[in-house]
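The values are calculated or read from the model by the stated rules, or taken from the named source; none is laboratory data. Predicted model, so just to flag it, every value in this text is computed and none were measured. Please note: Cβ atoms are built from the backbone with ideal geometry, for glycine as well, and neighbour counts cover all protein chains shown.
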Amino acid sequence: MAAELPDYYFRVRENGAIVFRVDTENRQRRIDMDQIAIINIKNGEYKPHGDRELSKEDDAAIVEWMQARMELLALRDMDDIHRAVDYMNITTQWVQSKADDEQLEDITDVLLLAMHDLRSVLVRKKADRMMRDNDK
């Protein structure tokens, strides 16, 4: 079992991760996890834990994990947006076929404001892209 364990463990947290070096080469044959660094995915930085100095292998493993994590988070963001589009369609169908007057009164204004806000941002971003494309 010990040979199957990775050299590093990344405990994911909201803005990144805590990095541990995994050690199974000890007398007790137990798993030791030594915290070596803290990662901040939002700003793309990491720093050693305490007075520790990171090795080249540590740096490489951390950078590789950060790249993979950012790719995964980007994929999740896009999946969330596609799900939002699906949910908007489901909501439209619900409004058209099932919602009663009381339910519609409860959600109409907040939904219209959210949709107006989204539309405004999408139109502005589309115009910005079109202007950039025309400047090329």
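Okay, here's what the table says:
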read-out: Selected residue (only one of VAL95, VAL85 is farther than 20 Å from GLY16 by Cα, out of contact with any Lys or Arg (no Cβ under 6 Å at 6 or more places or on another chain) and surrounded by fewer than 11 Cβ atoms within 10 Å (Cβ to Cβ)); value: VAL85
read-out: Entirely in segment 1-70, the strands (runs of 3 or more DSSP E) that have 1 or more residues that are β-branched (Val, Ile, Thr) and at pLDDT below 95; value: 16-23
read-out: Failed item in (1) closer than 30 Å to ALA114 by Cα; (2) of a type in the set (A, V, I, L, M, F, W, C); (3) in contact with a helix residue (DSSP H, G or I) (Cβ under 6 Å, 6 or more places away or on another chain), with PHE10 passing the rest; value: (1)
read-out: Output for segment 44-78, where each listed residue is surrounded by 14 or more Cβ atoms within 10 Å (Cβ to Cβ) and either farther than 15 Å from VAL12 by Cα or out of contact with any Leu (no Cβ under 9 Å at 6 or more places or on another chain) (or both); value: PRO48, HIS49, ARG52, LEU54, ASP58, ALA61, TRP65, MET66, ARG69
read-out: All positions within segment 59-99 that are in contact (Cβ under 8 Å) with a residue 40 or more places away in the chain and among the charged types (D, E, K, R); value: ARG69
